[in-house]
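**Student:** Got a structure for you, written out below as C-alpha cells; questions coming shortly.
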Amino acid sequence: MKFSNVSEIPLTDIDREDLLTDFSMDGCPEKLMDSVKVIGIRHPICIYPFGNRYSIVSGHKRFQAASRSGLKIVPAFIVPELDDASRLVINLNENFGQRQYSDIEKGGILNKLSQAGASDETIIEEYMPLLELERSKKLFLDLSGVKKLSLKLKKLLHRAGVPVKTFNTFYKWDSLTEAENLFSILKPGVNKWRDLLDLIDEVAARENTTQGDIISRDDIQKILTAADVPAPHRYDPIHKTLHNLRYPILSDMRKQVARALDEMELDDKTRLRFQDTFESNELKLELKFQSEKELSQQVEKIFKALQSGSVEKLIRIFQSIG
C-alpha cells in the first residue's frame, strides 16, 4: 500500500483506546522516550480515518512516547479506511524483522487475525512467516491457545520469555489461579518454569489429581508464604518437595543415606561422594587435610564408623539398587 504524504496530526485526534494493532505486552521503552524528548518523532506513525478521529495502524510505542514526552502533534502517514485484517497485516509487514515477539505475543497476534476474519489456512501460509514462524498447523493451534490463559499469567510468561512448548501444558489445567499465585511469587527463569511445570504435571498424574491441588498442598503453600524467606530462595525447597513427590523411592533412599551419614559422624573435611539419583552404587571418599594430624583424626573417625556398623548400613543401601 502506498502511503500519502506526511501530515502533522494532533495527539488528541488519535484514538488511544484502539489497540487492535498494538501487539506488544511491554510499555514504552525509556530509550525511545528519551530519544523523542531530544529529537522528536523521526519516523512517522501510520494512521487511518475512523469516524471523526484516527486509529493507529502502526507506531503505538512512538505515539506513547510522544504523549509521555509532552508533544502535542505527531508526524503520521494517513492511509485510506481499512478493515481490521488489513490493518494487522500492514503492521506485521512494517515490523517484519525489526521486532522480536514472545510466543505469548505471537499467539495474541494470530488470534487477532482470526477474529478479523482471516482463515486458518491464510494465517498459516501467509502471515505466520511474517512472525518468523514455520507454516505449521500444530504450531498455529498451540500459539492460538494463549486465549485460554488469563492476562496475569500471560504477562508472567511473556516477561520470562517462556516458549509455547513449555506453557501449552496450561491448556489442560482445570484452574490457573494456583499457577498465577505460584509463579507471580517465584518469578523463575525459563528453565525453572519448565522444570516446575514438568514436575507438577507428573505428580498430578501420579496421584490422579489436578495440578491446582498439587500446588495447594500445605507443604508447598508453607514454603510459598514463608515471610522470613526471600521469594527467590523459595524455588529450591518447592522444587525439592515436588521432586520427592514425583520420585518417592528416591526420596526415601536419600533419607536413609542421610541417617547413615549422620551415624558415621565423619570429620567435616571428610566427604562421601555418590550420585544422588542412585544410578550408580559407587561410593567415593574424599579427604581434605593440611597436616598429618588432620589426616590421622579423619582416619580415626572412619575406623570408628566401620566398627559401629554405620558404614555397612550405608553400603547395604547402595547395594539394594537394582
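The values are calculated or read from the model by the stated rules, or taken from the named source; none is laboratory data. Treat the numbers as computed from the prediction; the structure is a model and nothing was measured. All Cβ positions, even for glycine, are placed from backbone atoms using ideal geometry, and neighbour counts span all protein chains on display. Accessible surface is based on the protein model in full, side chains and every heavy atom, while ligands, DNA and RNA are left aside. Shrake-Rupley method; radii C 1.70, N 1.55, O 1.52, S 1.80 Å.
**Student:** Below 8 Å, C-alpha to C-alpha, sequence gap of six or more: please give me the relative contact order for the chain in percent.
**Tutor:** With pairs under 8 Å counted, the relative contact order is 11 percent.
**Student:** Heavy atoms only, 1.4 Å probe, whole protein assembly: order ARG62, ARG271, ARG53 by accessible area, highest first.
**Tutor:** Ranked list, largest accessible area first: ARG271, ARG53, ARG62.
**Student:** For the chain, what are the DSSP H helices with axial Cα length of 20 Å or more and mean Kyte-Doolittle hydropathy of at least -1.0?
**Tutor:** 190-207, 248-264, 292-308
**Student:** For segment 26-126, just say rounded, prolate or oblate: build the C-alpha gyration tensor, square-root its eigenvalues into a ≥ b ≥ c, call rounded for a/c under 1.5, and beyond that prolate if a/b exceeds b/c, oblate if not.
**Tutor:** Cα axes put segment 26-126 in the oblate bin.
**Student:** Here is a follow-up. Compute, for the chain, the length of the dipole vector about the Cα centre, with Cβ point charges of +1 (Lys, Arg) and -1 (Asp, Glu) only. Units Debye, rounded to 20.
**Tutor:** For this selection, approximately 500 debye.
**Student:** Further, regarding this structure: Starting from 0.36 nm per residue, how many nanometres of slack lie between SER291 and SER150 once their C-alpha separation is accounted for?
**Tutor:** Full extension of this stretch gives 44.5 nm more.
**Student:** Same structure, new question: Would you mind checking segment 210-241 for residues with the amide N under 16 Å from a putative spin-label position 7 Å along Cα→C-beta of LYS255?
**Tutor:** Once the point is set 7 Å along Cα→Cβ of LYS255, 219-220, 240-241 turn out to lie under 16 Å by backbone N, inside segment 210-241.
**Student:** Order 218-226, 165-173 from most to least packed using the mean count of other Cβ atoms within 10 Å.
**Tutor:** Highest-to-lowest ranking by the protection proxy: 165-173, 218-226.
**Student:** Hey, if we sort PHE274, PHE96 by accessible area with the 1.4 Å probe, largest down, what's the order?
**Tutor:** PHE96, PHE274
**Student:** Expressed as a rounded percentage, what relative contact order does segment 14-156 have, with Cα pairs under 8 Å and six or more residues apart?
**Tutor:** 22 percent
**Student:** Then there is this: Using a 1.4 Å probe on the protein chains only, how many percent of the accessible area of the chain belongs to carbon and sulfur?
**Tutor:** 49 percent
**Student:** Sort VAL74, VAL311 by heavy-atom solvent-accessible area, probe 1.4 angstrom, most to least.
**Tutor:** Of VAL74, VAL311, the descending order of accessible area is VAL311, VAL74.
**Student:** Per residue, how much accessible surface does the chain expose to a 1.4 Å probe? Answer in Å², no decimals.
**Tutor:** 57 Å²
**Student:** Pick the calculated mean projected area of the Cα convex hull in nm² for this structure from (i) 23.2; (ii) 16.0; (iii) 25.2?
**Tutor:** Correct label is (iii).
**Student:** Then there is this: Among HIS43, HIS239, LEU131, whose Cα sits farthest toward the positive end of the charge dipole of the chain (+1 at Cβ of Lys/Arg, -1 at Cβ of Asp/Glu, about the Cα centre)?
**Tutor:** Among HIS43, HIS239, LEU131, the one farthest towards the positive end of the dipole of the chain is HIS43.
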